[in-house]
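K.L.:
Have a look at this one.
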Amino acid sequence: MSSAPVASSVAGVGHLLRLALRRDRVRLPLWVVGLGGTIVATAASIPPLYDTPEKVAGYARIVGSTPVSYLMSGRQVGLDTLGGIVANETSQVAQLGICLMVVFLVVRHTRAEEESGRAELLRSTVLGRHAATLAGLAYGLMAVLLISAITTVSMLAVGLDAVGSLTYGVGLALLGAVYTAITLVAVQLSTSARGALGLGVAAVAVGYLVRGLGAMEDNVLVWFSPFGWAQRMDAFGDERWWPALLLLATTALLLALAARLMAHRDFGGGLLQPRPGSARAGRALGTPFGVATRLQRGLLIGWAVGLFLLGMLYGSVIPSVPDLIASNPEMADFVGAGGQAAEDAIVDAFLAYMFLFMAVITCGFVVASVLRLRAEEEAGRTEVVLATPVSRTSWMAATTALALIAAVTLTVIMGLGLAVGYGLGSGEWDQVLRHVAGQLAYVPGTLVIGAFAAALFGLVPRATGVAWAAVALVALQVVLGEILRLPDAVQAISPFWHLAAVPLDDVELVPVLAELALTAALVAVGIWGYRRRDAVSG
Amino acid sequence: MAVIELHDIVKTFGATRALDHLDLTVEQGEVHGFLGPNGSGKSTTIRVLLGLLRADSGSATILGGDPWRDAASLHRRLAYVPGDVSLWPNLTGGEVIDVLARMRGGLDEARRREMIERFELDPTKKARTYSKGNRQKVALVAALASRADLYLLDEPTSGLDPLMEAEFQEAVHEVRAEGATILLSSHILAEAEALSDRISIIRAGRVVQTGTLAELRHLTRTTVIAETERPPTPITAVPGVHEPVMHGNRVTFDVDSDHLDAAVAALAELGVRSLAAHPPTLEELFLHQYGEEVSA
């Protein structure tokens, strides 16, 4: 097999690529418009905000050198220029967005196809062994190039330095290429699309966090992440090209690995083989809630571990926030007058942002968890459950309750992670309650989003994708709401906008109770709708 | 007493009319074959009976209750095997059987063991790794291992090999002997022929024919192949004889069941050397039913 000529092992790539484009003729434009549009909007919003040299200089001193900025966007050079500011403000959305995009798109057209059995039909035609991998690569790179080109063009359009804009775009494109290759390896390892997605997203998270941590501590850790390499091309500073070689070489190595794994595995197989399981169901599997829990076990464990680690990481950097401020004379002056109180306020602001940021991440969980209802229904599995005496109300209530309870539990786990990280970093263990309670102050927003997904499922099952749009909107509001100067009417759509910025402010009971009531109402409406509609499959 | 009573059921999906004034009656204790080509509305009918779909109009009764309103309580007494079985990929076959049986309110341990053995199912494998046939076996075991009054089986053997199909037929005979009622949808005519007491034929969302196999055959033609001593030309003049084909003294023709007597008498006058006749198979019933439509 391995001696087969290259041409025959990749025969049919063109057909596959065209098929992918046809299947994604809505999905790809949505990514391009959504992600590209956000980048364009961000880039366009900066110049009017920083229209005097004083304001530009102020950005470098105050915004660009905060711990949050280091953690979220790394250490961008040239922050005393408009280009640096645009790059710094764009990088979080652009870098995370492009990496997550390729993970989702590439898995969708490789392992997901193989798992569904559709690829088997295709493989029976004149199609080479490596054609699917190569088509996945080409498709991923195409999407990456589109987004990178949009980024560079939008930077040029607002009058930024040409070399810097180009360097930034190339760095972004190569970062996307690395994650395309990582995803292609992941799809060889896992036999399920879900598993491959998990591996890919985990790789994005690790790369992003390692870079953030390295940037915050300003140490060598930055060089252990592709995010760091792309940033160290120093666009809008003294541009250098050799980190691009690191990105290129890593891409090539990973692609070679993927090709090797592909050549040595069976169709439908992977390195992570499923083991035989129990011949009998455990006692918990007798109720709708038990079944829902079991179906989401992997999802729950994965999120719990991930969010605990994320919390720990963020917690561990809190103690160094005062030092960071002290090391920056401008910031120290800025704070100095206020003394300890001002320093506490900055730490509190950091915490409030962390809480909010992590709460937004749990929105992703709660929507995925609630929408398992839709996935089960579309796969035709709900039918066999509803053919037993289990009623629609109990089936939907069980899954929704699980999702909401799990969201609260995950919030506590995140808070604990934060407290543990803080304890390890500072040696002080008296903040556990404060951190857990602070994180919990944001959970009503997450619950509203979950209940919104449940309402969609009951009322308009075909439009459950809107719940993901809601998550995107909330993320946009939290990350870019101030930068984009979104009108209050738009920001008010996000349930988090109404909640108090704990611990900077005290908890306000009214919005909390209102959002809990809204959650209950949305779930009730969803169940009402589900009881009235056809339980369609597919 | 009728276990299933559908009267004038209409169900539309947008512009598509899936069920078009459908009537269906299934009596207590019978195996009722529900025959029709793909897309004729068999699965839609079964989903209406399960309360998964709500009929636009018409009246539906199943086990004495309303399938939509009383779904949960009715489901205590019935078992269902879907046509396209989809299982939770990360649960084993054994776990799926237990989950469904427990949700239905308990299962017969001895029957569970027996069915798993009979269908040669490995219950420790993850559902993700099962073939279509094995997924179908899981659904069949889950349904047959619980004692139900009514079994709704939607093309239950489409993935099974002939040996497993024989096991399935035996299992159906057993549950019927225990007094259960079975609605068996199929496009495999031999299967319905082997199992059914009565048959309904559905076409484009409407039941076009219903009755026992004998009754349905009565409506149709018998195929006769004969060799006679004298040229068989006179046979073409007998009323009710269709499409005679002659090769010398050999003739093949179809004859309406009502005119079989006259046709045989006419053959006898010509001196019969050999004679073969067979009743219509369900294939021929089908062709008759649908052929009409095609030529019209």
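The values are calculated or read from the model by the stated rules, or taken from the named source; none is laboratory data. On a predicted model such as this, the values are computed, not experimentally measured, just so you know. Note that each Cβ is placed from the backbone with ideal geometry, even for glycine, and that neighbours are counted across all protein chains shown. Surface areas here come from the heavy atoms of the whole protein model, side chains and all, with no ligands, DNA or RNA. Shrake-Rupley method; radii C 1.70, N 1.55, O 1.52, S 1.80 Å.
K.L.:
Please verify whether the stretch B:87-97 includes one or more residues that are buried (at least 23 other Cβ atoms within 10 Å of the Cβ) and at pLDDT below 90.
P.N.:
Looking through the stretch B:87-97, at least one residue is buried (at least 23 other Cβ atoms within 10 Å of the Cβ) and at pLDDT below 90.
K.L.:
Could you list, in sequence order, all residues of the stretch B:92-113 that are more than 7 Å from chain A (Cβ to nearest Cβ) and either in contact (Cβ under 8 Å) with a residue 12 or more places away in the chain or aliphatic (A, V, I, L, M) (or both)?
P.N.:
B:G93, B:V96, B:I97, B:A101, B:G106, B:L107, B:D108, B:A110, B:R111, B:R112
K.L.:
Looking at (1) open to solvent by 40 Å² or more (accessible area, probe 1.4 Å); (2) charged (D, E, K, R); (3) in contact (Cβ under 8 Å) with a residue 24 or more places away in the chain; (4) more than 12 Å from every other protein chain (Cβ to nearest Cβ), can you tell me which one B:R118 breaks?
P.N.:
(1)
K.L.:
From the list A:A202, A:A162, which one is among the small types (G, A, S) and closer than 19 Å to A:A112 by Cα?
P.N.:
A:A202
K.L.:
Just to be sure, is A:L79 hydrophobic (A, V, I, L, M, F, W, C) and free of Cβ contacts under 8 Å to residues at least 60 places away in the same chain?
P.N.:
For A:L79, the condition - hydrophobic (A, V, I, L, M, F, W, C) and free of Cβ contacts under 8 Å to residues at least 60 places away in the same chain - is met.
K.L.:
Among the residues of the stretch B:53-62, how many are in contact with a helix residue (DSSP H, G or I) (Cβ under 7 Å, 6 or more places away or on another chain) and either free of Cβ contacts under 8 Å to residues at least 12 places away in the same chain or not in a loop (DSSP other than H, G, I, E, B) (or both)?
P.N.:
2
K.L.:
Do you know which of the residues in the stretch A:408-418 that are in contact with a Phe, Trp or Tyr (Cβ under 9 Å, 6 or more places away or on another chain) and surrounded by fewer than 23 Cβ atoms within 10 Å (Cβ to Cβ) is nearest to the other protein chains (Cβ to nearest Cβ)?
P.N.:
In this case the residue turns out to be A:I413.
K.L.:
Among A:R485, A:R462, which is the only one that is under 30 Å from A:A94 (Cβ atoms), open to solvent by 20 Å² or more (accessible area, probe 1.4 Å) and either in contact with a helix residue (DSSP H, G or I) (Cβ under 6 Å, 6 or more places away or on another chain) or charged (D, E, K, R) (or both)?
P.N.:
So the residue among A:R485, A:R462 that is under 30 Å from A:A94 (Cβ atoms), open to solvent by 20 Å² or more (accessible area, probe 1.4 Å) and either in contact with a helix residue (DSSP H, G or I) (Cβ under 6 Å, 6 or more places away or on another chain) or charged (D, E, K, R) (or both) is A:R485.
K.L.:
If you don't mind, another one. Starting from the stretch A:222-235, keep only residues that are farther than 16 Å from A:T167 by Cβ, then list their pairs with residues that are of a type in the set (K, R) and open to solvent by less than 10 Å² (accessible area, probe 1.4 Å) whose Cβ atoms are within a distance under 8 Å, requiring at least 6 positions of separation or different chains.
P.N.:
Once the first residue is farther than 16 Å from A:T167 by Cβ and sits in the stretch A:222-235, its partners that are of a type in the set (K, R) and open to solvent by less than 10 Å² (accessible area, probe 1.4 Å) give A:V222/A:R211; A:S225/A:R211.
K.L.:
A:S278 is checked against (1) at pLDDT 90 or above; (2) of a type in the set (S, T, N, Q); (3) within 30 Å of A:V390 (Cα to Cα) and fails just one. What number does that condition carry?
P.N.:
The number of the failed condition is (1).
K.L.:
Given the options B:A72, B:A60, B:A79, name the one that is over 22 Å from B:A18 (Cβ atoms) and more than 7 Å from chain A (Cβ to nearest Cβ).
P.N.:
Of B:A72, B:A60, B:A79, the one residue that is over 22 Å from B:A18 (Cβ atoms) and more than 7 Å from chain A (Cβ to nearest Cβ) is B:A79.
K.L.:
While we're here: Name, by its number, the condition in (1) surrounded by fewer than 17 Cβ atoms within 10 Å (Cβ to Cβ); (2) on the phi < 0 side of the Ramachandran plot that does not hold for B:D8.
P.N.:
(2)
K.L.:
Do the conditions hold for B:G33, that is, is it open to solvent by less than 20 Å² (accessible area, probe 1.4 Å), within 14 Å of chain A (Cβ to nearest Cβ) and on the phi < 0 side of the Ramachandran plot?
P.N.:
No; evaluated as a whole, the condition is false for this residue.
K.L.:
Has the stretch A:304-315 got any residue that is more than 19 Å from A:F365 (Cα to Cα) and either touching a strand residue (DSSP E or B) at 6+ places or on another chain (Cβ under 7 Å) or of a type in the set (G, A, S) (or both)?
P.N.:
Yes, that holds for at least one residue.
K.L.:
Out of (1) open to solvent by 30 Å² or more (accessible area, probe 1.4 Å); (2) in a helix (DSSP H, G or I); (3) not polar (S, T, N, Q), the odd one out for B:I46 is which?
P.N.:
B:I46 satisfies every listed condition except (1).
K.L.:
I need every pair where a residue in the stretch A:489-514 that is farther than 23 Å from A:R434 by Cβ has its Cβ under 7 Å from the Cβ of a residue that is open to solvent by 60 Å² or more (accessible area, probe 1.4 Å) and in a helix (DSSP H, G or I), sequence separation at least 6 or different chains.
P.N.:
Here the result reads A:Q491/A:W497; A:I493/A:L473; A:S494/A:L473, each pair linking the stretch A:489-514 to a residue that is open to solvent by 60 Å² or more (accessible area, probe 1.4 Å) and in a helix (DSSP H, G or I).
K.L.:
For the stretch B:219-265, which positions are part of a loop (DSSP other than H, G, I, E, B) and modelled with pLDDT of 85 or more?
P.N.:
Answer for the stretch B:219-265, where residues must be part of a loop (DSSP other than H, G, I, E, B) and modelled with pLDDT of 85 or more: B:E229, B:R230, B:P231, B:P232, B:V238, B:P239, B:G240, B:G248, B:N249.
Here is a yes/no grid of residues against (1) of a type in the set (S, T, Y); (2) surrounded by 19 or more Cβ atoms within 10 Å (Cβ to Cβ); (3) under 30 Å from A:F236 (Cα atoms):
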residue	(1), (2), (3)
A:D80	no, no, yes
A:E114	no, yes, no
A:A119	no, yes, no
A:L134	no, yes, no
A:A143	no, yes, yes
A:L146	no, yes, yes
A:D161	no, yes, yes
A:S165	yes, yes, yes
A:V170	no, yes, yes
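K.L.:
Looking only at the stretch B:13-30, decide whether some residue is among the small types (G, A, S), open to solvent by less than 30 Å² (accessible area, probe 1.4 Å) and in contact with a Ser or Thr (Cβ under 9 Å, 6 or more places away or on another chain).
P.N.:
Yes - at least one qualifying residue is present in the stretch B:13-30.
K.L.:
Same structure, new question: Of (1) among the aliphatic types (A, V, I, L, M); (2) open to solvent by less than 30 Å² (accessible area, probe 1.4 Å); (3) farther than 22 Å from B:F119 by Cα; (4) assigned to a strand (DSSP E or B), B:L216 satisfies all except one. Which?
P.N.:
In the conditions (1) among the aliphatic types (A, V, I, L, M); (2) open to solvent by less than 30 Å² (accessible area, probe 1.4 Å); (3) farther than 22 Å from B:F119 by Cα; (4) assigned to a strand (DSSP E or B), B:L216 misses (4) alone.
K.L.:
Being more than 8 Å from chain A (Cβ to nearest Cβ), under 28 Å from the mean Cα position of the chain (by Cα) and of a type in the set (S, T, Y) is the requirement here; does B:S86 meet it?
P.N.:
no
K.L.:
Within the stretch A:265-289, take every residue that is in a helix (DSSP H, G or I) and buried (at least 19 other Cβ atoms within 10 Å of the Cβ) and give me the one that is nearest to the other protein chains (Cβ to nearest Cβ).
P.N.:
A:L285
K.L.:
Among what's in the stretch B:127-147 and is open to solvent by 50 Å² or more (accessible area, probe 1.4 Å) and touching a residue at least 12 places away in the same chain (Cβ under 8 Å), pick the residue that is farthest from B:A171 (Cα to Cα).
P.N.:
Ranking the candidates gives B:R128 first.
K.L.:
Under the condition of being free of Cβ contacts under 8 Å to residues at least 40 places away in the same chain and more than 9 Å from chain B (Cβ to nearest Cβ), which residue from the stretch A:374-406 is most open to solvent (accessible area, probe 1.4 Å)?
P.N.:
The extreme case among them is A:I405.
K.L.:
Further question on the same structure: I'd like to check something: does the stretch B:15-29 contain any residue that is in the same structural domain as B:E170 (by TED's automatic domain parsing), touching a residue at least 24 places away in the same chain (Cβ under 8 Å) and assigned to a helix (DSSP H, G or I)?
P.N.:
No, that holds for no residue.
K.L.:
Sticking with this structure for a sec: Do you know which residues across the stretch B:63-86 are of a type in the set (V, I, T) and either in a loop (DSSP other than H, G, I, E, B) or open to solvent by 50 Å² or more (accessible area, probe 1.4 Å) (or both)?
P.N.:
B:V85
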